[in-house]
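Accompanying notes for the structure given below.
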Amino acid sequence: MSRFWLRMLPQFLLFGGVALLVWAAVNASYALVFLILAVLIPFFWMLHHLALIDNWLDSPTVESVPEGTGLWEGVFSRLRRLVRQRNQRQQELESELRDLQQAIAALPDAIVILDSADHIEWCNPMAEEYFGLDGKRDLGQQVSYLIRQPQFVDYLADHQKSPDQPCILKLSNERILSVQIIPYADRKNLLLARDITRLENVERMRRDFVANVSHELRTPLTVVNGFLETLSDMGGSPDAEMMKRSLDLMTGQTDRMKRLVEDLLTLSRLENVENLLSEEDVNVPALVRQIHQDALSLSGKNHQIELHIETEVGLCGNTEELRSGFGNLVSNAIRYTPKDGKIELTWKMEGRHAVFSVKDSGIGIELEHIPRLTERFYRVDRSRSRGTGGTGLGLAIVKHVLNRHQARLEISSKFGQGSIFRAVFPPSRLLAEAGCIR
Ligand code: ADP
């Protein structure tokens with residue numbers, strides 16, 4: 001028997017006992033009237049309390065739980081406790097939900113919750129940014145009405161066939177997204193989109209790089225291979241003249257491959273983030289004087305090469321890297337300046353910056369090429385670059401060397417008149433009297 005009926009039992013026994021006494025002392029009619037009253041009065045008492053509960057249910061707050069007496073006092077106080085616990089739990093859940101929404105909103109990925117018919121139920125700010133959605137206005141809309149790229153619409157229709165396979169979307173603003181639809185709960189879907197523009201660009205650069213290197217190596221290899229085949233076809237004794245010419249040409253091609261491989265290794269060393277710049281006191285005036293001497297012998301008196309050392313300031317940096325960077329600028333000036341042209345090497349202070357500049361009166365560069373010159377294998381004129389022994393990597397090496405010294409490369413040029421390449425070093429790189437103290 002439940003607690004409620006146990007508590008009611010003494011009352012029933014009391015009424016039954018009194019009714020029996022009345023029956024014995026008076027008569028059965030009085031006993032019956034007594035019993036009817038004993039049932040009716042509690043009945044209306046119950047109805048009154050039911051009415052209170054019914055009223056309360058219109059706005060069920062803790063404060064408005066009715067007061068009661070006797071049996072009802074216990075019922076109402078339990079009700080009050082239950083409502084208070086429910087309110088507290090609801091507040092906790094709301095706060096957890098808010099935290100969760102804030103965490104999802106802060107994610108760098110776009111998230112859209114779709115119902116079983118692909119209507120939008122919720123989306124985070126990143127989804128608004130990527131797909132131009134409006135988190136309030138577009139709720140309930142079919143997602144394919146708002147993300148209309150055909151690849152996405154096809155993917156949405158077929159995503160169950162290959163659930164692990166994301167769909168790659170290219171947006172009109174050149175952004176590349178990897179979009180995946182993940183089913184969850186009861187036929188709901190989570191649409192996740194991640195910006196993979198950088199990854200895709202790196203991947204494209206890697207592909208281009210491999211293709212470029214293969215192409216650069218294939219040409220000299222084909223030439224060498226051709227000579228070797230010709231020599232082998234000629235049998236035992238090719239004539240000495242022919243032999244010398246072939247060997248000279250093959251040496252030229254293998255030199256070219258060697259230069260390319262050396263430049264590739266230099267570039268990979270410079271690009272390796274684990275290979276930190278090993279710093280020392282660099283006597284730049286002495287370095288520039290050596291580079292001037294090398295330039296004179298490389299030019300073979302074909303150019304007028306002037307040297308202007310206007311400051312004795314040195315740099316905190318790496319001598320060999322700077323030699324390679326400055327050397328590339330000078331060798332370019334020589335290679336792209338016709339015979340009898342003028343080249344000036346200058347080391348000077350400009351305000352608080354130190355500048356190494358190479359000015360030539362060479363062929364110059366059209367404006368549209370200048371922003372791309374430091375890309376690997378970018379050449380304005382392929383045949384001229386190759387003809388002068390260029391690998392297409394010189395300025396990429398210069399850019400990396402300067403970056404590692406927090407310096408910048410400035411290029412100005414007039415097509416047909418000449419160019420100026422300037423390496424500008426920040427004051428923080430200038431050698432303090434105490435030497436390299438970084
Ligand atoms: P390359 O080995 O082809 O010279 P670089 O990276 O050193 O490669 O230079 C990239 C391109 O920039 C060259 O192919 C050339 O077209 C152009 N360039 C570089 N320096 C000069 C210069 N001093 N005068 C004219 N063009 C230049």
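Structure data summary
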item: Selected residue [touching a Phe, Trp or Tyr at 6+ places or on another chain (Cβ under 6 Å), in contact (Cβ under 8 Å) with a residue 24 or more places away in the chain and closer than 22 Å to Q290 by Cβ] from L345, L329, L402; result: L329
item: Filter result (free of Cβ contacts under 8 Å to residues at least 12 places away in the same chain and over 21 Å from T251 (Cβ atoms)) within segment 209-228; result: V210, A211, S214, H215
item: Those residues of segment 72-116 which are touching a Pro at 6+ places or on another chain (Cβ under 9 Å) and within 30 Å of H48 (Cβ to Cβ), in sequence order; result: W72, F76, L79, V83
item: Members of segment 201-239 that are more than 44 Å from the chain's Cα centre (by Cα) and among the charged types (D, E, K, R); result: E229, D233, D239
item: Test: residue in segment 290-312 that is touching a residue at least 60 places away in the same chain (Cβ under 8 Å) and either surrounded by 17 or more Cβ atoms within 10 Å (Cβ to Cβ) or β-branched (V, I, T) (or both); result: no
item: Matching entry among I104, I53 (being among the β-branched types (V, I, T), part of a helix (DSSP H, G or I) and within 19 Å of M8 (Cβ to Cβ)); result: I53
item: In segment 347-359, the residues that are farther than 13 Å from L287 by Cβ and crowded, with 18+ Cβ neighbours inside 10 Å; result: V355, S357, V358, K359
item: Sole residue being on the phi < 0 side of the Ramachandran plot, surrounded by fewer than 12 Cβ atoms within 10 Å (Cβ to Cβ) and not small (G, A, S), chosen from D255, D263, D233; result: D233
item: Residue count for segment 110-133, restricted to those that are loosely packed, with under 13 Cβ neighbours inside 10 Å and in a loop (DSSP other than H, G, I, E, B); result: 3
item: Segment 353-388: number of residues that are more than 7 Å from the ligand (Cβ to nearest atom), in a strand (DSSP E or B) and charged (D, E, K, R); result: 1
item: Residues that are within 10 Å of the ligand (Cβ to nearest atom), under 26 Å from the mean Cα position of the chain (by Cα) and not hydrophobic (A, V, I, L, M, F, W, C), drawn from segment 389-408; result: K399
item: Residue among I343, I397, I365 that is within 20 Å of Q417 (Cβ to Cβ), surrounded by 19 or more Cβ atoms within 10 Å (Cβ to Cβ) and either among the hydroxyl-bearing types (S, T, Y) or in contact with an Asp or Glu (Cβ under 9 Å, 6 or more places away or on another chain) (or both); result: I343
item: Candidates K339, K244, K258 - the one that is within 19 Å of G390 (Cα to Cα), part of a helix (DSSP H, G or I) and either free of Cβ contacts under 8 Å to residues at least 60 places away in the same chain or within 16 Å of the ligand (Cβ to nearest atom) (or both); result: K258
item: Hits in segment 414-424 (condition: surrounded by fewer than 21 Cβ atoms within 10 Å (Cβ to Cβ) and either of a type outside the set (A, V, I, L, M, F, W, C) or under 26 Å from K339 (Cα atoms) (or both)); result: K414, F415, G416, Q417, I420, R422
item: One residue from D158, D134, D118 being touching a strand residue (DSSP E or B) at 6+ places or on another chain (Cβ under 7 Å) and modelled with pLDDT under 95; result: D118
item: Candidate set: segment 151-210, residues that are of a type in the set (D, E, K, R) and within 16 Å of D118 (Cα to Cα); chosen: the one surrounded by the most Cβ atoms within 10 Å (Cβ to Cβ); result: K188
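Yes/no matrix, rows are residues, columns are (1) in contact (Cβ under 8 Å) with a residue 40 or more places away in the chain; (2) small (G, A, S); (3) farther than 30 Å from I168 by Cα; (4) surrounded by 12 or more Cβ atoms within 10 Å (Cβ to Cβ):
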site: E63; (1), (2), (3), (4): no, no, yes, no
site: W72; (1), (2), (3), (4): no, no, yes, yes
site: L93; (1), (2), (3), (4): no, no, yes, no
site: A103; (1), (2), (3), (4): no, yes, no, no
site: P108; (1), (2), (3), (4): yes, no, no, no
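The values are calculated or read from the model by the stated rules, or taken from the named source; none is laboratory data. This is a predicted model, so every value here is computed, not measured. Note that we place each Cβ from the backbone using ideal geometry, even for glycine, and neighbour counts take in every protein chain shown.
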